Structures are given as C-alpha cells and as structure tokens.
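Q: First the structure, then my questions, so here it is.
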C-alpha cells in the first residue's frame with residue numbers, strides 16, 4: 001500500500017514561505033492499493049494538485065471523513081470533476097438532516113460556487129458509508145464515527161496483512177483521560193487497533209489545547225497516548241494548525257518522538273505529515289516487520305525501519 | 001446490543017463523557033438495560049462509586065439499588081419504565097425510591113431518554129435523577 005500526502009494542514013489553507021516544507025494545503029491523502037486502485041482520503045485543497053496527475057484514471061473513490069470545509073474545499077477544483085470520462089464515487093457520513101449529495105451541494109452551488117453539482121460533466125455518485133465493512137479494489141474499508149464536531153468518520157483500510165487508519169479530526173480525550181479509560185470507551189479504538197500506519201490529528205501542543213477543548217482536535221500528548229493505547233506501529237502526525245510554521249512543526253515533531261520513546265516506542269516511528277511525502281506501508285506478515293519508507297523533505301521523516 | 005468489552009458506539013462514549021462532567025446524578029444503560037456507567041453524583045446516592053461497582057446486568061443493579069416498589073422490594077426489570085423507554089424509543093419520567101449500599105433510601109425523580117445512533121440503532125439510554133427536596137442527599 002502506497003500513501004502520498006497532498007495536504008496535511010487543518011482548518012484553513014495556510015500558504016506562505018514559512019509553511020513551505022510542511023505545506024499549506026488542507027487534508028488530502030492518496031492511497032494506492034496493490035491492485036492499482038486509487039483511494040483519496042478527503043478532498044481538502046490538496047486534491048486539486050492530485051487531480052492534475054489522474055488523467056489516465058477515470059475511476060475514482062473519494063472517502064470523506066466529514067464535510068467541514070477544509071475536507072471538501074478542493075472538490076470544486078478537482079480536475080476529474082470536469083471530465084466527462086471520469087467516474088467519481090464520493091463516500092461520506094450519513095446525516096438525518098439531508099443526503100450526502102445535498103449537503104455537499106451547499107458548497108458546490110450559488111453563491112459559493114459558479115457551478116452546481118448537476119452541471120459537473122463527470123459521472124458522480126454519492127454514497128453514505130455503510131455500517132458494515134465494504135470492499136474497493138480488493139481492500140476492505142471500514143468507517144466508524146469518531147469524536148469531532150458534527151457527523152465525522154475515521155477510516156480503516158486493510159489490504160492483505162497491511163492496515164492503514166485515517167482519523168484526521170479527532171478528540172478522543174474530550175472529557176476523558178486516555179491513560180485510564182478502558183479501550184471500549186475510547187473513540188476510534190477498534191478502528192485504529194494494531195494499525196500498521198495511523199494518520200491522526202495532532203493540531204495542538206499540550207499548552208494550546210486548554211484553549212480549544214471541545215473543538216474536535218487533539219493535543220500532541222493525546223495523539224501519542226491514543227497511538228500507544230491502540231498499539232499503532234507507525235504514527236503520522238496530521239492536520240497541522242494553520243498557525244504552526246515549519247520551524248514550529250519541527251519542534252512539535254521532535255517533542256512527539258521524544259514522548260513516544262518515553263512510552264517505550266521507537267522515535268523513528270513517529271513522523272509529521274509533509275505535503276508531497278510518499279510512504280510505503282507493509283504489514284508485518286509481508287516483511288517480517290513493519291516498513292515505512294518516507295520520501296520527503298522533512299529530515300525527521302527519512303525513516304526505513306523494521307518494527 | 002452492546003456487549004461488555006466491545007467497542008462502545010460513539011453516542012455512548014460521548015454520553016459517558018458528558019455524565020462525568022456534570023453534578024446531576026445520572027446513569028447510562030445499554031439497549032438491554034445493562035448498567036454501563038454512573039457518575040460520581042449518582043455514586044454518592046448509591047453509596048458506592050462506579051469504579052467499585054463496575055458494569056452490572058439489569059437484574060444485578062435493580063437488585064442492588066432498586067428502584068423499590070410499595071413493599072420495598074426491587075421493581076422487576078420488565079416493569080421498569082426504563083424498559084419501556086428502551087423498547088419503544090420514547091422518553092420517560094417517574095418518581096422512585098432507591099436504596100444505597102448503606103441502607104439509606106432516597107426518593108428521586110428520574111428522566112430517561114433513549115440514545116439512537118446514526119444508523120437509527122438503539123444504543124441505550126441516559127437517565128438523570130433529581131432528588132426530592134428534603135431528601136438530604138447531595139443530588140441535582
């Protein structure tokens with residue numbers, strides 16, 4: 001399973017020279033399965049650039065965790081949406097309020113958009129994620145509701161012995177200390193349990209978090225605690241706060257590695273998501289260990305280790 | 001149905017988090033009326049913290065704490081309004097007598113409302129208690 005980060009920023013795009021290394025685009029991750037099938041996790045602004053390279057891939061599955069703007073903003077600028085030969089399926093959380101299509105159409109409609117969903121030339125369909133697992137391209141997909149504001153999902157993608165868990169917006173420690181909670185009471189626990197790679201919210205420092213309790217995001221201490229509780233083999237810190245510069249994120253990443261080591265883990269297993277970085281994830285049964293190779297410009301992300 | 005030890009649905013996780021954050025005595029049950037959690041304020045009325053009690057089947061918790069009928073015997077689970085709340089998915093309210101582990105009895109008003117998950121699945125119910133004035137307990 002190959003993973004490429006096209007946007008790791010949270011809340012709002014954050015372009016600027018001080019953000020160049022980690023990038024300013026909002027949430028979007030491309031997952032390429034062994035079958036060649038492409039899955040796109042979220043449609044933040046990073047999906048625009050991703051779409052430019054999908055000219056030969058007319059069948060696209062987009063898995064949305066939720067419909068906050070930083071996870072759908074790029075959809076209207078996703079080049080395949082404007083190609084008549086493209087078939088796009090968008091999966092997302094159900095809501096008793098309105099259908100997935102109608103909720104997305106609130107963004108892709110006047111006055112926010114010059115086009116309407118019905119005017120898009122591609123073949124596009126919308127599906128609520130089922131309560132049970134389903135398959136795309138030979139991989140098993142599982143979606144579960146997690147703690148965030150509004151209906152929000154996390155995803156687990158399992159292909160053979162390899163598993164990836166994606167929970168970009170998550171506040172599992174809301175009102176509950178993660179260290180002492182039983183696993184059954186931890187949001188997202190089953191979804192992330194023993195994942196070869198966990199991509200998880202790490203928006204705040206522990207010092208910033210008290211000002212943002214209930215906003216639906218994690219402090220680095222809770223991210224590390226959650227990853228440890230679920231026995232994730234590797235952790236990709238994600239959904240960077242738009243105020244956090246490259247220099248700041250270097251520091252946050254370093255702190256996360258030290259804290260992971262303090263819990264008995266290998267510091268190299270913790271990486272801060274960087275726009276453009278590519279990872280190969282292999283399950284332990286395939287390689288005698290968990291391999292995570294990261295190609296990016298983040299010095300701390302250059303790892304190739306057996307777990 | 002929520003089995004002990006299985007991952008709880010998010011609505012129950014959030015309900016428990018809410019209960020830990022309020023001083024109104026409250027309990028949380030699953031769709032089988034199994035007692036999943038009660039908060040510190042409810043523990044003060046029951047004479048035992050949840051950490052001491054742990055999860056209990058409906059028969060266990062009604063046998064231990066009530067509510068009590070006219071003869072001061074526990075009301076059978078099947079006759080509890082809470083069972084109706086869970087069965088019919090409607091809120092319920094009533095006045096009851098419960099007994100703490102030290103034998104003290106408290107008259108409470110209880111409001112129960114069902115918790116329904118995003119797939120319209122009944123996950124359980126939250127029950128909030130109000131102690132009658134003059135009861136002497138430190139309830140909500």
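The numbers here are math on the coordinates, done by the rules we state, and not lab data. Because the structure is a prediction, the values reported are computed rather than measured. A quick note on method: Cβ atoms are made from the backbone with ideal geometry, for glycine too, and the neighbour counts reach across all protein chains shown.
Q: If each residue of separation counts as 0.36 nm, what is the full-extension length gain between residue B:121 and residue B:79 once their alpha-carbon separation is subtracted? Working shown, then result.
A: Working: separation 42, 0.36 × 42 = 15.12 nm, distance 2.29 nm.
Net length gain for the segment: 12.8 nm.
Q: Mind jotting down the distance between the C-alpha centroids of the stretch A:209-225 and the stretch A:28-83, whole Å?
A: Here the answer is 27 Å between Cα centres.
Q: For chain B, what is one quarter of the convex hull surface built on the Cα atoms, given in nm²?
A: Spelled out: convex hull of the Cα atoms, projected over all directions, averaged, 7.8 nm².
Q: Taking 0.36 nm per intervening residue step and subtracting the Cα-Cα distance, what contour gain separates residue A:87 from residue A:135 on full extension?
A: Values: separation 48, 0.36 × 48 = 17.28 nm, distance 1.71 nm.
Extending this stretch completely gives an extra 15.6 nm.
Q: Kirkwood Rh over Cα pairs of the protein assembly as shown into Stokes-Einstein at 20 °C, 1.002 mPa s: D in µm²/s? Can you show the working numbers first?
A: Details: Rh = 23.5 Å.
Calculated translational D: 91 µm²/s.
Q: For the residue pair residue B:72 and residue A:110, what label-to-label distance in nm results when each label sits 7 Å from Cα along the Cα-to-beta-carbon direction?
A: So the two model labels end up 7.5 nm from each other.
Q: Mind ordering A:204-215, A:234-245, A:82-93, A:17-28 by average Cβ neighbours within 10 Å, highest first?
A: The peptides rank, most packed first, as A:234-245, A:17-28, A:82-93, A:204-215.
Q: Any chance you could run the full-extension gain for residue A:99 through residue A:211? It's 0.36 nm times the residue separation minus the Cα-Cα distance, nm to one decimal. Before the final figure, lay out each step's value.
A: Details: separation 112, 0.36 × 112 = 40.32 nm, distance 3.37 nm.
Net length gain for the segment: 37.0 nm.
Q: So the label point goes 7 Å from the Cα of residue B:40 along Cα→C-beta, right? Which residues of the stretch B:111-131 then have their backbone N under 20 Å from it?
A: It comes to B:127-131, nothing else.
Q: Can you give me the distance in nm between label points at residue A:266 and residue A:2, each placed 7 Å from the Cα along the Cα-to-Cβ direction?
A: Taking the two extended label points, one gets 2.3 nm.
Q: Shifting gears a bit: For B:9-18, what's the mean count of beta carbons from other chains sitting within 10 Å of each residue's beta carbon?
A: What the average comes to for B:9-18 is 5.
Q: Pairs of alpha-carbon atoms within less than 8 angstrom and 6+ residues apart define the contacts here; what relative contact order does the stretch B:10-131 have, in percent? Please list the in-between numbers first.
A: Working: 247 pairs, mean separation 32.3, N = 122.
Worked out over the stretch B:10-131, it gives 26 percent.
Q: Within a 10 angstrom radius of each residue's Cβ in A:178-188, how many Cβ atoms of other chains show up on average? Whole number is fine.
A: Average per residue, whole number: 4.
Q: What does the helix-only formula give at 222 nm for chain A: each DSSP H stretch with n ≥ 4 adding -39500 (n - 2.57), the total divided by the residues, and the result rounded to the nearest 500 deg cm²/dmol?
A: -4500 deg cm²/dmol
Q: Counting only other chains, what is the mean number of Cβ atoms within 10 angstrom of the Cβ of each residue in peptide A:249-258?
A: Per-residue shielding by partner chains comes out at 0.
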